[in-house]
Each structure stands twice: as structure tokens, then as C-alpha cells.
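The values are calculated or read from the model by the stated rules, or taken from the named source; none is laboratory data. Just so it is clear, the model here is predicted, and its values are computed rather than measured. Cβ placement follows ideal geometry from the backbone for every residue including glycine, while neighbour counts extend to all protein chains displayed. We work out accessible area using only protein heavy atoms, side chains counted, and drop any ligands, DNA or RNA first. Shrake-Rupley method; radii C 1.70, N 1.55, O 1.52, S 1.80 Å.
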Amino acid sequence: MSTAILTGQPVPGSSLENDLRSLGFDVRVATDAADAETLLAAVPASQRVAVVDARFVGHVHALRLGLTDPRFDAAAIPGAVTARPAARPALTRALRTASDDASNGSVVVGILAERIAEVLDTDLHRPELGELVAEVPRDPQARNEARQAVTVVDDEAIRLRTAVKSRDGFFTTYCISPYSRYLARWCARRGFTPNQVTTASLITALIAAGCAATGTRAGYVAAGLLLLFSFVLDCTDGQLARYSLQYSTLGAWLDATFDRAKEYAYYAGLALGAARGGDDVWALALGAMVLQTCRHVVDFSFNEANHDATANTSPTAALSGRLDSVGWTVWLRRMIVLPIGERWAMIAVLTAVTTPRITFYVLLIGCAFAATYTTAGRVLRSLTRKAQRTDRAAQALADLTDSGPLAEFLARLTRGVRVSGPAAVALIAGALVVGASWLSPYGSWWPVLGAGVYVLLSPVALQRPLKGALDWLVPPFYRAAEYGTVLVLAAKADVNGALPAAFGLVAAVAYHHYDTVYRIRGNAGAPPHWLVRAIGGHEGRTLLVTVLAALLTATDFKVALTALAVAVALVVLVESIRFWVTAHKLGAPAVHDEGEPA
């Protein structure tokens, strides 16, 4: 329960108290500033508290935006200010200052809440209200005008409109959001939470994967329809969070994690269905997962390297900004990067009307084109940008490299050595190990030699801060090298079950890499060092897989990949779930990412 302290005499006919109660506040009335201090002291420290001028006039949604958003410790709108437990001491100090300012001991109309917000010595969020009304009228005429302004504007329509993500893909914007927002409202009115809708979306996608795994035309059609419905629910959970301001750390993690789980589980379902029909497409399924994961790592690394950089401008970025001012180019550019809406719609349709092999071929071609387009644009921006990257950005890139104990040991041995162009070194090292695996027969020691060179060059990511123009490419090059090596060696083994085992291993490792990204985005830091050491780091796992392929028969290699996948998955999942659930219980700041479409 939250508490709202109304300051001043209640206005006859005002709905303010009922509005606050509808938002979950226990309303108490303070006759003057000193009384407000007393009431504030009586509110348990674990509760949110708001101070609201009794003469406030405005939309309920304006109060909702200003007083209930869990992402911010302190927030204010005209005539109202709120604080979560973390900002309660600051609110207490501000109220004491405002009380001292009221020399006659009474509340001055429109002054107390505004004065508190003015002297509050903590970060204060002021939401954009747009057409919504939030005022503290100073006379009856102004009050009547404010009430009329409230009746003119439909705040429910605004609430529905702003429930939709401000930046999204063409398919999502025009084919899903026009009706999914109403589904979000339906869920809100029945008490469903975003996390419940997220879970329903995951279950629906897993059922879709199971239908695809049947290998029948009816199963493929059902799978396509269910995948689309899963995406509708995926849009709904975010819209429900925005509609009802039910943001949470756990919810953000579930939404991001389940998106990846749904898509990759569906790939596995398609591969199983194809196998039932006598067509082995596991290599294509694994290739699609590798390509999609590397695309995401490019996005994450580039954004982390540049989001807080200074002097962050370039001619390429300026051109992009000009293109964004032309309507059709905006949608064209959003579509060709194949965001999640367009991608899932394409997969669903192709599943229903073609075969898994054709679905994967089109998916790989489309994702490869999108990856080339986005990466080339970001490389051009980086080369023409005069940005100065921060220590935080450099640390984020170092964490994203996922360097293990071998790289750390070699970095200590080569301390003082400075190698220029870490991205070029990472590219060459990765090409060596993947190329050796590709060109050698199964069981050859050449991939081990390539992996040895890869390990020897791995300290390049640790020898100096990754602040260069193209240093953000280091993590995606390492991801491509590790995943590509596993894919090639499993394909070379040419034994039934090797590629599915490799799929499981890459999925487990990719989960760890995604989890690292989500922790960094949530300002929670990288996963604990012991975890990275326990699963070997990118260089340790790559070397281990090549040694296993050289020492074991193809059948034993399949078993080893399966065991490694299970071990990595157990360690990573247990630690990750523990971390996010604990963070949620301890009241970590809520996160809601409105970034690029996934």
C-alpha cells in the first residue's frame, strides 16, 4: 500500500481522494505543513509516499504517471510529488524545508508540493504529460477552466495510445498494435500482470515449436498461427506494462530472455519436424541461431560503446537523421533490418506454406543481409565519429568479451604489451580457428592448433581499455568464432545427434552472453567472475571443443557436447535465476527498455 498526504482543506466536489484511492493510495489529510511532517513520519519507511495539494485538478492518468511509476525513486507533476523508499530521506528533508518556509504554519495554495519538488536533493523525474491536465488553480475561475480542460481531453485514449512502444517495426505498428493495446487493457482490467502475459507468450511459442516438430502440414500451419499469436502476446505484455505502469526488473529480464528462448526453441522444433520427414536441417537451424545471436551482440556492443560517449556525432549519423525525417525511408529502413515482428511474421508464413529447409534458407539470407546493412552502417559511423568513449563503455565491452582464465593469465604475462587494432586481431584469430575447423577432416589436430593461436591472441581484449573506434567489434568477433567453431566441428562429425547437441551447447552459452547484456543494461554489472571462470570463457570453451573433436570418436564427441551443454546450462541458469529473483525481491530499480526492436 502507498500513502498520499493531501495538504490543505479538501475542495467540495473534488474527486481527488477517490482518484488517489483508485491508484492504490491510502489518503490522509494534513491541515498544514507541520501536520504533513507528522503524517509523513508515521508512514512506514518501506512504503511509497506522495504529497499532493488538495486543490489539484487534473486527469487520473496524469497522477498515475507522476505518482506510481516504479522506475523512478522520486517524481513530480504540478501540485504533486512522490518518493519511493530510497528517496524517503530526501523527501523528509524537503518537506521540513518547505514547512520552515511557511512562516505562518499554514499551507499556501500551490506552494507546498512545488516547494518540496524544488528543494528535493535527489534525481527527480518529471514525466511528459502532453495533453493531460495537471494544475493547482489559485481561484474559482481558474478551477472551472481546469475542470473544463479535463473534460475535453480523453485521458483513456491517451493512455491507450501511449501504451504502444514509441519506436517499433512496420509489422508491429500496423498489424499488431492497433488491436493488441485493447488486449492489454482487457488484461489490466482483469488483474493480469505483464509477467503472466509474458509467460503465456512463452508457453504459446513452445506449443508452436511442438506443432512444428510433428513434421505434418497441419502441424506447420498450426505452428505458424501459434507463433503469430505468441508475438501478439509478446507485444501485449509490454503494452500492459506501459498501460498500467507495472514495470519491474524481473519483468524486463523475463521479456528479453523469453524472446530469445521462444525463437530458438521454434528453430529446434522446425529442425525436429524436418527430421521426421527425412530432411536434416539442424545445421541450418544452428546457423540461424548463430547469425541471429551475433547480430544482437553487434547491436549491444555498438550501443554500449556509444550511448554515453561525448562528442558523439558523425556525417553518417547526420545523414541517417535526415533520412528519418522522410516517412517512407523510416519504414523501409526499419523493415530491412528484419526486426522481431517482420522476422517472426516471415517465419510463420513460410512455416505454414513451405518446408523447414526453405524457411531457414530465407531466414538466413534475410538475416545475413540485415546484419551486413546494420554492421556496415555502424562501422561507417564509427570511422567518421569523433567520439570520446567513457571508462564505463570500455568496461562494458570488456565484460561482453567474456574472457576466461586463460586470457587473464596470458594478459598478466604480457602486461605492458600494447597491441593496436584489437578488433582486427580478434577477427584474424577467429578466422584461423573456424577456417582450420572447416578445412580439416574430423579428428584433425589442425583445429586445435588454430584454437591455440586463438587463445594466445585472446589477451588483446584485456591489454588496454576498449575505447578505439572499432573496438566494439571485438565481442561479436569472439561470439562468431566460438559459435562457428562448434557448428563446423559438429557438422564435420557427421553423426546423428551431433548437431542437436551443438545446438544445445550454443544455446546455453548464448543465454550466458544475453544475460551479461541484460545485467549491464540494468546497471547491475557483469555476471560474477567465478561464473565466467567456471564455464571457461570464450577462449577456454573454444579450445576445449577442438581438443574433444581431435581426441574422441564422432559418437563420443556427440556425448561430450551434450554433457558440456548440460553442465553450462545448469551453472548459468541457476546463477542467473538466483540473481534476478533476488534483485526483484530486494527492490532493484525497475527497468523498461524502449530501445531498438529485437
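Laid out as a table, the results:
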item: Kirkwood estimate for the stretch 72-187, i.e. one over the average of 1/r between Cα atoms, Å; result: 17.1
item: Rounded tilt (10° steps) of 177-189 against the dominant C-alpha axis of the chain; result: 60
item: Per residue, the convex hull volume that the Cα atoms of the stretch 230-283 enclose (Å³); result: 68
item: Förster radius 30 Å - calculated FRET efficiency between L544 and V419 (Cβ-Cβ, nearest 0.05); result: 0.75
item: Per residue solvent-accessible surface (Å²) - the chain, probe of 1.4 Å; result: 42
item: Folded to 0 to 90 degrees: helix 33-42 orientation relative to the chain principal axis, Cα; result: 40
item: Radius, Kirkwood style, for the stretch 127-167 when every pair of distinct Cα atoms is counted (Å); result: 11.6
item: The chain, Cα convex hull volume normalised per residue, Å³; result: 163
item: Most positive-pole-ward Cα, S248, G79, A394, against dipole of the chain from beta carbon charges; result: A394
item: Under DSSP loop assignment and at most 14 Cβ neighbours within 10 Å, longest trypsin sites (Lys or Arg not before Pro)-free interval of the chain; result: 191-385
item: The stretch 412-439 and the stretch 357-379: distance between their alpha carbon centers, rounded to Å; result: 25
item: Dipole axis of the stretch 502-558 (+1 Lys, Arg; -1 Asp, Glu on Cβ), positive-most option in V547, A526, A502; result: A526
item: Along principal axes, Cα extents of the stretch 382-447, largest first, whole Å; result: 46, 32, 20
item: Rounded FRET efficiency, nearest 0.05, which uses the C-beta distance separating V11 from A157 and R0 of 25 Å; result: 0.40
item: Rg and Dmax [Cα atoms of the stretch 164-239; Å; Rg one decimal, Dmax integer]; result: 13.4, 40
item: Beta bridge orientation in the chain: antiparallel %, DSSP, nearest 5; result: 50
item: For the stretch 448-509 versus the stretch 511-572, the gap between their alpha-carbon centres in whole angstrom; result: 11
item: E145 - accessible surface, heavy atoms, 1.4 Å probe, Å² rounded to 10; result: 100
item: The stretch 473-561: translational diffusion in µm²/s, Stokes-Einstein, Kirkwood Rh over Cα pairs, 37 °C, 0.692 mPa s; result: 237
item: Inter-part distance where the stretch 267-304 and the stretch 28-95 are each reduced to a Cα centre, Å; result: 49
item: For the stretch 414-557, fraction of C-alpha pairs farther apart than 22 Å, in %; result: 41
item: Label-point gap, in nm, between Y182 and W530 - each point 7 angstrom along Cα→Cβ; result: 5.3
item: FRET efficiency estimate (nearest 0.05) - Cβ-Cβ, T372 to A218, R0 30 angstrom; result: 0.25
item: Out-of-range pairs (alpha-carbon distance over 31 Å; input K262/K467; K165/K262; K262/K492; K165/K585; K262/K558); result: K262/K467
item: Nearest-ten-degree value, helix 217-244 long axis tilted from longest Cα axis of the chain; result: 30
item: Carbon and sulfur %, accessible surface of the chain computed with the full protein complex present, 1.4 Å; result: 63
item: At 1.306 mPa s and 10 °C, Stokes D of the stretch 109-258 from Kirkwood alpha-carbon radius, µm² per second; result: 86
item: Distance in nm between pseudo-label sites at M346 and L225 (7 Å out along the Cβ direction from Cα); result: 2.5
item: Cα-derived Rg over Rh, computed across the stretch 1-54 with Rh taken as Kirkwood radius; result: 0.95
item: Residue-averaged 222 nm ellipticity for the chain, from DSSP H runs of 4+ at -39500 (n - 2.57), nearest 500; result: -21500 deg cm²/dmol
item: If the convex hull is drawn through the Cα atoms of the stretch 188-287, its volume per residue in Å³; result: 82
